[in-house]
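Structure first, commentary second.
The values are calculated or read from the model by the stated rules, or taken from the named source; none is laboratory data. Since the structure is predicted, the reported quantities are computational estimates derived from the model, not experimental observations. Here Cβ is always computed from backbone atoms with ideal geometry, including for glycine, and neighbour counts include all displayed protein chains.
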Amino acid sequence: MHDKSIAQLASGLRAGEFSSVDLTQAFLDRIEQYDGALNSFITIAEQAALKSAEAADRRLRTGKATLLTGIPIAHKDIFCTDGVKTSCGSRMLDHFIAPYDATVVTRFDQAGAVMLGKTNMDEFAMGSSNETSYYGPVHNPWDQESVPGGSSGGSAAAVAARLCVAATGTDTGGSIRQPAALCGLTGLKPTYGRVSRYGMIAFASSLDQGGSLTRSAADAAAMLQVMAGFDPRDSTSAERPVPDYGAALEDEIAGLRIGLPKEYFGEGLDPAVARSVEQAIDEYRRLGAEVKKISLPNSALAIPTYYVVAPAECSSNLARFDGVRFGHRCDDPKDLEELYKRSRGEGFGAEVKRRILIGTYALSAGYYDAYYLKAQQIRKLISDDFRSAFEQVDVVMGPTAPGTAFGIGEKADDPVTMYLSDTYTIAVNLAGLPAVSIPVAPVGGKPVGLQIIGDYFQESRLLNMAHRYQQVTDWHLAMPEMQDLG
Ligand code: GLN
């Protein structure tokens, strides 16, 4: 049961082959059996999950079910869930129970999906390895000594190990696509504004976007169908109709133009990963797509730009966690000043503190123009690069990450090397574009991701391209060896 697609499970539920309660119990059992070694969940909502499974079974009998009704999923612990702890991977929110649901959570509830629990993540979504979590690192199911990527590493590990059917994630600079690449999954980061950010704890508001980690493009289409849409509670949410994402999956891709940016195949890319990505591109040629070289000249500026913009926004967003309004409060402060200092000092981990310090500095009087304003100007140049690319091609392709999953601890003391993990993903967030990562031929037994970037609101096109590839290959069906997981 645990290895079936959303569509297969939905038809099994309708045919009465199993109930949502059976399905939910099967996944809860797998979590019990395997998650001790993986640490992919922060909270397991067993009772609530079984209750929603019962409700889903009743709904299935009425014939008013959706594709997601009764399907067990997990939410990244950045999405607020009414009554269930939302920690954001931080000691700061270790005791936080949100009084309301994020819009994404509400939409899945309304669709009848079953939430199994909340997944582990880098603290406040800052990281590329899941090692900054207050709840400890997540282990990659393909190699337990390696990281799953981050910051949505818990969601990625849980889906890869079949501990849930699909999971939500968020992507500020690569946090859906990079863990998807490192865990052999399909990770979709929608266009900025396509999915509501209401109730999704903010890291860098102009970059954050919710999306999904799934085992296939078809499952990603099913997830996006639920998540996408205008939300009056999010002023940056896009007010435009939501297409039927399943409808375009099978479209012909012959004649489509694929652009390969020369900057994405240069220094820093593991040659074995490059070969694997090139093989996948050959597959697209066989499917009739036209491939041409393009250039995104400002690519090298994406990381430095992001590491001004994201810390600046986070320093402002995280000001609310002060021990008074939100978050951990220290014991016995002698005055207000000490309450702030110690609460924040104890509540935040090292990476979050580093970002707050950088961001506060970049925004301070005298430095604002030199750093923040400059970064915003470069951000525009990066978007313009994509704008000209999409005048020549329909999609842009390249590697998702420069290498495969690295060892736990290997890059933890070297922030700059860690930051380079997102070298091919960050520009997409700066421009607000949609992109998907799909698994291609592994290297040394470890998954590799191909990134497909589209123009604004072209999610259907991306899912179509991903799906056509998955029809002629089976990398996405590979499953980590379960005996290694116990
Ligand atoms: N790895 C990047 C960072 O540490 C991106 C994280 C994300 O997308 N949430 O900021």
Do the conditions hold for D270, that is, is it touching a residue at least 60 places away in the same chain (Cβ under 8 Å) and surrounded by fewer than 21 Cβ atoms within 10 Å (Cβ to Cβ)? yes
Cβ-Cβ distance below 6 Å, separation of 6 or more or different chains: which pairs start in the stretch 99-119 with a residue that is over 14 Å from R233 (Cβ atoms) and end on one that is of a type in the set (F, W, Y) and buried (at least 21 other Cβ atoms within 10 Å of the Cβ)? L116/F27; G117/F41; T119/F41
Say whether the condition of being over 18 Å from I438 (Cα atoms), among the small types (G, A, S) and within 10 Å of the chain's Cα centre (by Cα) is met by at least one residue in the stretch 131-151. no
Pick from the stretch 379-388 the residues that are away from the ligand (no atom under 16 Å from the Cβ) and buried (at least 19 other Cβ atoms within 10 Å of the Cβ): which of them is nearest to S87 (Cα to Cα)? F386
Scanning for something under 22 Å from G432 (Cα atoms), within 11 Å of the ligand (Cβ to nearest atom) and free of Cβ contacts under 8 Å to residues at least 60 places away in the same chain, does the stretch 184-198 turn up at least one residue? no
Got a sec? Which of V436, V472 is under 23 Å from A7 (Cβ atoms) and either within 16 Å of the ligand (Cβ to nearest atom) or of a type outside the set (A, V, I, L, M) (or both)? V436
Would you mind finding the one in G246, G153, G174 that is of a type outside the set (D, E), within 13 Å of the ligand (Cβ to nearest atom) and more than 23 Å from F386 (Cβ to Cβ)? G153
Which residues, taken from the stretch 323-354, are among the aliphatic types (A, V, I, L, M), surrounded by fewer than 16 Cβ atoms within 10 Å (Cβ to Cβ) and farther than 24 Å from G136 by Cβ? V324, L336
Here are some residues: A166, A238. Which one is more than 16 Å from the ligand (Cβ to nearest atom), out of contact with any Pro (no Cβ under 8 Å at 6 or more places or on another chain) and closer than 20 Å to I31 by Cβ? A166
Within the stretch 356-377, the residues that are in contact (Cβ under 8 Å) with a residue 60 or more places away in the chain and either more than 27 Å from the chain's Cα centre (by Cα) or buried (at least 18 other Cβ atoms within 10 Å of the Cβ) (or both) are Y371, Y372, K374, A375
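One line per residue, one yes/no per condition, for (1) aromatic (F, W, Y); (2) at pLDDT 95 or above; (3) in contact with a Pro (Cβ under 7 Å, 6 or more places away or on another chain):
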position	(1), (2), (3)
T191	no, yes, yes
S196	no, yes, no
M200	no, yes, no
F203	yes, yes, no
A228	no, yes, yes
Quick one: is A181 crowded, with 24+ Cβ neighbours inside 10 Å, under 11 Å from the mean Cα position of the chain (by Cα) and away from the ligand (no atom under 14 Å from the Cβ)? no
Run R107 past the list (1) within 16 Å of the ligand (Cβ to nearest atom); (2) out of contact with any Phe, Trp or Tyr (no Cβ under 6 Å at 6 or more places or on another chain); (3) not in a strand (DSSP E or B) and report the number of the one that doesn't hold. (1)
Quick count over the stretch 326-362, residues being within 16 Å of the ligand (Cβ to nearest atom) and part of a helix (DSSP H, G or I), is 11
Cβ-Cβ under 7 Å, sequence separation 6+ or interchain: first residue in the stretch 402-415 and under 11 Å from E131 (Cα atoms) and modelled with pLDDT under 95, partner in a loop (DSSP other than H, G, I, E, B) and not hydrophobic (A, V, I, L, M, F, W, C). Which pairs? K411/S129; A412/E131
